[in-house]
Amino acid sequence: MNLTTLLNSMDYQSIGETKDKEIESLVYHSDDAKSKSVFFAIEGRNTDGEKYISDVISKGCKAIVVSEEYDTKAVQNDYQKDVAFIKVKDVRRSMAQMAAKFFQNPSKDLFTIGITGTKGKSSTSYMIWRILEEAGINTGIIGTMFTGYSGNLEEAKNTTPQSVDIQKMLKSMKDAGCKAAVIEVSSQGLMQERTDFVNFDIGVFTNMSPDHIGEGEHKNYEEYKYWKSCLFKQCKRAVMNLDDEEYKFMLEDSSVERTVFYGKDKRADFIIKDMELWSENGCLGVKYQLETKKPYEDGLIHDITLELPGDFNSYNGTAAIAVTRMLGVPWNIIKNTLKNIKIPGRAETVDVSKDFTAMVDYAHNGKALESLLSNLKKYKPSRLIVVFGCGGNRDKNRRVEMGKAASELSDVIIVTSDNPRNENPNVIIEDIKDNIKNIDKVLTVPDRREAIGTAIKVAHEGDIVIIAGKGHETYQIIGDNIIHFDDREELLSFRKESE
């Protein structure tokens, strides 16, 4: 695509000629720069793209998008007449706008569903994706667990990728014959304008509580809420959790014209009723009745069964039902899909023993672990045994919060390693233990494989064993090395036969 065409309708100032420059790729990482690339000098968590301008010029990059304040004299020794500097007010937003144009606005040709909220984004996204696939609607997915479409799935690197990557993924989905796309939309993704210029047909709100607040994230809860609400400025229809009062904030100043509500509140369009928890042979689940209301639905009551633990999954399942019914998916397909669904790394049970339940979960902060353990206690297990650690080079408040949650809600705590990166794992473990009141119920097992084995060895009949923190992830980050490690595989290696 010609650079002039790519810049059409944008507000910018150019230094250098933009005409007759053919562009073959858009990049924001200097390692990806090459001839006929546009490089976006965005500011990241650890570095600033402007530091790499000389590098990308040396690689033959012909166009560079920078902020209005950037002084091109800083690279005058590297400056070439055939390099165009494009000065813009907001580099990230310009990147999103140019990416949408470069990849021919693929979201306009896909039924695009965005899911936001503090908890439940991944599970709800996965449920929607599986239901649509079972209904014969080829659907792509972009989220925490993986991205792509059936037959072409990759493990995700970010919950919400950069705008160039999102548009590229959506284009590949469209070209592969997908008719819909499901996207997890994080507050960071919205704040960094990664989903700008994506045309969302439906926005989904799951729930809201303080999270991702601290250094390098959000300043406070109000800022966190604000960025979440921005999804609903990009869609005409919304599916909202009526039981969470923050739905009102989500809808303020939104572009939403039609809202479908779900929850236990009798005013909802999809009402969760008579919910009960069940357990059998090491499996945990939830059953409930779903009353639907006219004119949005058929006005009947449907029995819903999920082999997923926790009453929160009744909310995730109902959000998925509301979305897929809006697309006309038959009830029998929805019910059968939800009854048999397993969500990778989200309260995912692993067949270790018929005498007790073993599961892995992605809970890697205090709120998530507290929610998980609170819900599992409702199944009245003999004991809750939790194995967890905290990531290195990350917000240290997580060590405080996860330690407190485990201390208050579990019976046996096994503290171990979880992606220590460039920190000493023993220091991280001690930080966690400093926030556990009942230190007598704590076992310290730094080796994660050994920690999982220890949990299985000490488990008795009726216990629930939770391996928390990694969920669907299949690696450990130790120093600068990424080593294969899958909690599910490790659990299965310690599988017990019932006596």
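The values are calculated or read from the model by the stated rules, or taken from the named source; none is laboratory data. Here the structure is a predicted model, which is why all the values come from computation and not from measurement. Note: ideal-geometry Cβ built from the backbone for every residue, glycine included; neighbour counts use all protein chains shown. Accessible surface areas use protein heavy atoms only, side chains included; no ligands, DNA or RNA. Shrake-Rupley method; radii C 1.70, N 1.55, O 1.52, S 1.80 Å.
Computed values, structure above
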{"quantity": "Residue that is at negative phi, without any contact (Cβ under 8 Å) to a residue 40 or more places away in the chain and surrounded by fewer than 24 Cβ atoms within 10 Å (Cβ to Cβ), where the choices are 133, 155", "calculated": "133"}
{"quantity": "Hits in the range 413-429 (condition: charged (D, E, K, R) and closer than 15 Å to residue 387 by Cα)", "calculated": "418"}
{"quantity": "Checklist (1) under 24 Å from residue 24 (Cβ atoms); (2) at pLDDT 95 or above applied to residue 185, failing item", "calculated": "(1)"}
{"quantity": "Those residues of the range 362-411 which are basic (Lys, Arg), farther than 19 Å from residue 119 by Cβ and surrounded by 19 or more Cβ atoms within 10 Å (Cβ to Cβ), in sequence order", "calculated": "399"}
{"quantity": "Qualifying residue in the range 34-43 (condition: at pLDDT below 90 and within 30 Å of residue 394 (Cβ to Cβ))", "calculated": "yes"}
{"quantity": "Output for the range 431-443, where each listed residue is more than 29 Å from the chain's Cα centre (by Cα) and surrounded by 15 or more Cβ atoms within 10 Å (Cβ to Cβ)", "calculated": "441, 442, 443"}
{"quantity": "Some residue of the range 84-94 being of a type in the set (A, V, I, L, M), under 22 Å from the mean Cα position of the chain (by Cα), modelled with pLDDT of 95 or more and within 30 Å of residue 227 (Cα to Cα)", "calculated": "no"}
{"quantity": "Wholly enclosed strands (runs of 3 or more DSSP E) of the range 127-181 bearing at least 1 residues under 18 Å from residue 115 (Cα atoms) and either modelled with pLDDT of 95 or more or of a type in the set (Phe, Trp, Tyr) (or both)", "calculated": "139-142, 146-149"}
{"quantity": "Conditions (1) closer than 30 Å to residue 361 by Cβ; (2) open to solvent by 10 Å² or more (accessible area, probe 1.4 Å): number failed by residue 113", "calculated": "(2)"}
{"quantity": "Among residues of the range 22-65, those that are out of contact with any strand residue (DSSP E or B) (no Cβ under 6 Å at 6 or more places or on another chain), under 22 Å from residue 197 (Cβ atoms) and buried (at least 21 other Cβ atoms within 10 Å of the Cβ), counted", "calculated": "2"}
{"quantity": "Residues that are more than 22 Å from the chain's Cα centre (by Cα), open to solvent by 10 Å² or more (accessible area, probe 1.4 Å) and not polar (S, T, N, Q), drawn from the range 460-482", "calculated": "460, 461, 462, 478, 479, 480"}
{"quantity": "Test: residue 174 is touching a residue at least 60 places away in the same chain (Cβ under 8 Å), surrounded by fewer than 18 Cβ atoms within 10 Å (Cβ to Cβ) and under 26 Å from residue 322 (Cβ atoms)", "calculated": "no"}
{"quantity": "Qualifying residue in the range 116-126 (condition: more than 15 Å from the chain's Cα centre (by Cα), modelled with pLDDT of 95 or more and open to solvent by 10 Å² or more (accessible area, probe 1.4 Å))", "calculated": "no"}
{"quantity": "Filtered residue count, the range 2-21, keeping only those that are closer than 18 Å to residue 101 by Cβ and crowded, with 17+ Cβ neighbours inside 10 Å", "calculated": "5"}
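Yes/no matrix, rows are residues, columns are (1) in contact with a strand residue (DSSP E or B) (Cβ under 7 Å, 6 or more places away or on another chain); (2) at pLDDT below 95; (3) small (Gly, Ala, Ser):
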site: 241; (1), (2), (3): yes, no, no
site: 255; (1), (2), (3): yes, no, yes
site: 260; (1), (2), (3): yes, no, no
site: 266; (1), (2), (3): no, no, no
site: 276; (1), (2), (3): yes, no, no
site: 306; (1), (2), (3): yes, no, no
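One line per residue, one yes/no per condition, for (1) in a loop (DSSP other than H, G, I, E, B); (2) over 22 Å from residue 158 (Cβ atoms):
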| residue | (1), (2) |
| --- | --- |
| 386 | no, yes |
| 400 | no, yes |
| 406 | no, yes |
| 414 | no, yes |
| 423 | yes, no |
| 426 | no, yes |
| 452 | no, yes |
| 466 | no, yes |
| 476 | no, no |
